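Here's the structure, in structure tokens; my notes come after.
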Amino acid sequence: MDPASLQKQRRISIFRNWISLGGLIVAGGSMFAFLLLFILDALAPVSNPYVGILAYLIAPGFLVTGLSMIAAGLFIERGQLKKQSPGSSIPLLIVDLSRRRDRRNLILLSSAALIFMVMTAVGSYRSYHFTESVEFCGQACHTVMRPEFTTYLHSPHARVACSQCHIGPGAAWYVKAKISGLHQVYAVMRHTYEMPISTPIKNLRPAQETCEQCHWPKKFVGNIDRTYRHYLSDTNNTPFEVRLLLKVGGGDPTHGPVGGIHWHMNVGNKVEYIASDEQRQVIPWVRITDSQGVVTEYKTAKFKSDPKDVVRTMDCMDCHNRPAHSYQTPNDAIELAMSLGQIDATIPNIKKESVKVLTKKYDGEKEALQNIATVLVEKYPNDARIRSAVDAVQKIYCNNFFPDMKANWKVYPNDIGHKNWPGCFRCHDGDHTTADGKKNIKANDCNACHIILAQGSGDELEQLDSKGHEFKHPGGDYADMKCNDCHTGGD
Ligand code: HEC
Ligand code: HEC
Ligand code: HEC
Ligand code: HEC
Ligand code: HEC
Ligand code: HEC
């Protein structure tokens, strides 16, 4: 054989090894699968998280494996050729542009490489977006994220992507999230995740970099007029409403008076605190630094400093900790359904019975839904109105109770008010005083944060008082106890 054809044969033969051939099949197959899935994903009206996982995570993974196999095979084969005939020259790739065949091959090769690079770029861009998408975060591992995904869909943030609050912009947090994400995927596969997922989330990104990307903290909100509709647990389900004027205010003098609830967010003030429990429900120490740099420290009698104490700067999440995942209390959910007419408020005792059936302990969703139906139908055997009530109670259960993850209102406190959880009263309870005992955090003044414009039912609701009514508690006087000593949301 003449040297030229020998070289040619050798060049071909180094591609002829099992590893490279295998790699070629894997790479070709995954490329085809990627193309198919890509088209499927692009054409589908709603994206499906599984198509996404296959197309943007698994197929590219196989493609890379295939390509690495081809390269590894070549490398090994070359080594062996060298061993078999030492001395002989290992075929070099000689491109001679004066030859027509070489020119044609070069063009073919570079077009293929270009197409491949574009597809890789599109693929990795889509992979990046995919792992940031609501489908990936919320739906890919059904059971685990179902509570958060369901509550999110019913929140004012249903159109905000999970990653905008949980990751935020920038490469550093993206990488951080992906590393913790890998750990989570592993935990899901091994079933070692915690149930319920505990909060507050450690290392949640500060609100300045998430919430404040959309909400401008300087914005002056002013007063919000909000009505809280309730029904008592008596035979007539007596309505009881409270119409509050919440003094949300603002935190920046160029946009309105500084004061009110958002005063904490005054750009000049810094409020810091130490919580003595994991869920930040007990706050024995608070410090404010105002715009002039004056520092005031408040603490409760029980507070003892500990080197392990973590000082946290207050931000949006210390009040709005459930902006996207609000697990409604049975009490609130039933009252809402009653006020919307989904549960007929003229059915005697229906408030009490519905809350009772919702708060019973169940092993799973199926058992719960069945039990809700049988118990209510048995209680009201001849009442046609109970059908829609059963539907409403079952729907409330599905949207707010997640026995598979042990998630419900009880394990996720909401810090915005003070009725069912300590909330604002974690600091505004009168027990937080300065060292000299002269000053305490605004407390026991029921008009500090809101005024009661009207309360009660029927005509009483028309008697508006711009100075604020004194609260007439429906269950009689509540003495000096905290609201959440009695109110737990159900149970
Ligand atoms: C508007 C911002 C926002 C959006 C959008 C959002 N979250 Fe959250 N999420 C939060 C906050 C705030 C918390 C509570 C953090 C805490 O208490 O430490 C939280 C808590 C969680 C928790 C902890 C368990 C729990 O129920 O509190 C999980 C898991 C979670 N989110 C997943 C998701 C998923 C999945 C999505 C998208 C489907 C999503 N989040 C969308 C802000 C958001
Ligand atoms: C990507 C933008 C975006 C991000 C990030 C975001 N929000 Fe929102 N937020 C919205 C939109 C949009 C609304 C709904 C506005 C409307 O329809 O009135 C909203 C509404 C709200 C409301 C009013 C809810 C109500 O009951 O009316 C609060 C409170 C709020 N967001 C707090 C937060 C907090 C706290 C965070 C951070 C954890 C956050 N938001 C992050 C866009 C965002
Ligand atoms: C001290 C607690 C507290 C802090 C801190 C706080 N808020 Fe609020 N915010 C409230 C309360 C209370 C309301 C009244 C509405 C309610 O009760 O749900 C409110 C209302 C709002 C609203 C609704 C306004 C509307 O027009 O409906 C938005 C949006 C909002 N806050 C965003 C934020 C953002 C963003 C931050 C962080 C920069 C923040 N809040 C910090 C307590 C707080
Ligand atoms: C971490 C502790 C803490 C929490 C939680 C907290 N606050 Fe405050 N708040 C303070 C401190 C400290 C001050 C300033 C007290 C002072 O020195 O006058 C303050 C002041 C206020 C003021 C008076 C602002 C002014 O105009 O002077 C209002 C109104 C207020 N808070 C409402 C609320 C509401 C509503 C909540 C719950 C949604 C809440 N706070 C939760 C610590 C807290
Ligand atoms: C530190 C601020 C603050 C103080 C002080 C305060 N409240 Fe409130 N209160 C709130 C906020 C914020 C809400 C709204 C919670 C929400 O939007 O869910 C609220 C809600 C309420 C509601 C309606 C709750 C419901 O679900 O119907 C009543 C009633 C009420 N407060 C009574 C009182 C009484 C009585 C006092 C005096 C003992 C008081 N508040 C003191 C901040 C405060
Ligand atoms: C000593 C226990 C106790 C304390 C403390 C207490 N309540 Fe109540 N509350 C009750 C009882 C009992 C009822 C009647 C429940 C019913 O008929 O459904 C009630 C009813 C209510 C209702 C109307 C019905 C409902 O279920 O929501 C509101 C609103 C309310 N309380 C708000 C408050 C607020 C705000 C505070 C704190 C300022 C407070 N309560 C403190 C025991 C208490």
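Just so you know, all these numbers are worked out from the coordinates, no wet-lab data involved. Bear in mind that the values here come from a model prediction, so they are computed numbers and not experimental data. Don't worry about glycine lacking a Cβ; one is built from the backbone with ideal geometry, like all the others, and counts go over all protein chains shown.
With unit charges on the beta carbon (Lys/Arg positive, Asp/Glu negative), name the residue among Tyr186, Thr210, Tyr412 whose Cα is farthest towards the positive pole of the charge dipole of the chain. In the chain, that residue is Tyr186. Projected label points at Asp480 and Thr313, each 7 Å from Cα along the beta carbon direction, are separated by 3.7 nanometres. The value given for the chain is a Kirkwood hydrodynamic radius of 28.2 Å, derived from the mean inverse Cα-Cα separation. Across region 206-326, the mean sequence separation of Cα contacts (distance under 8 Å, 6 or more residues apart), normalised by length, yields a relative contact order of 18 percent. Given +1 at the Cβ of Lys and Arg, -1 at the Cβ of Asp and Glu and no other charges, the dipole of region 210-366 around its Cα centre is 180 debye to the nearest 20. Put a dot 7 Å past the Cα of Glu470, heading toward its Cβ, do the same for Leu81, and the two dots end up 9.9 nm apart.
At an R0 of 51 angstrom, the distance between the Cβ atoms of Arg159 and Leu106 translates into a FRET efficiency of 0.55. Computed from Cα atoms, the angle from the helix 59-84 axis to the main principal axis of the chain rounds to 30 degrees.
Rounded to the nearest 20, the Cβ-based charge dipole of the chain about its Cα centre (Lys and Arg +1, Asp and Glu -1) stands at 2900 debye. In the chain, the longest principal axis of the Cα atoms and the axis of helix 3-15 are about 30 degrees apart. Scoring 256-264, 33-41, 379-387 by mean Cβ neighbours within 10 Å over their residues and listing the highest first yields 256-264, 33-41, 379-387. When the charge dipole of the chain is built from unit charges on Cβ atoms (+1 for Lys and Arg, -1 for Asp and Glu) and taken about the Cα centre, the candidate among Tyr228, His157, Val242 whose Cα reaches farthest toward its positive end is His157. Restricting attention to region 312-410, the count of lysine pairs at 8 or more positions apart or across chains with alpha carbons under 20 Å apart stands at 28.
Could you state the angle between the C-alpha long axis of helix 330-339 and the longest principal axis of the C-alpha atoms of the chain, as a value from 0 to 90 degrees rounded to the nearest 10? So the inclination is approximately 80 degrees. Estimated from the Cβ-Cβ distance and a Förster radius of 35 angstrom, the FRET efficiency linking Asp363 and Asn236 is about 0.55. In plain terms, the bigger the Kirkwood radius, the slower the diffusion; for region 330-411, with that radius from Cα pairs, at 37 °C and 0.692 mPa s, Stokes-Einstein puts D at 259 µm²/s.
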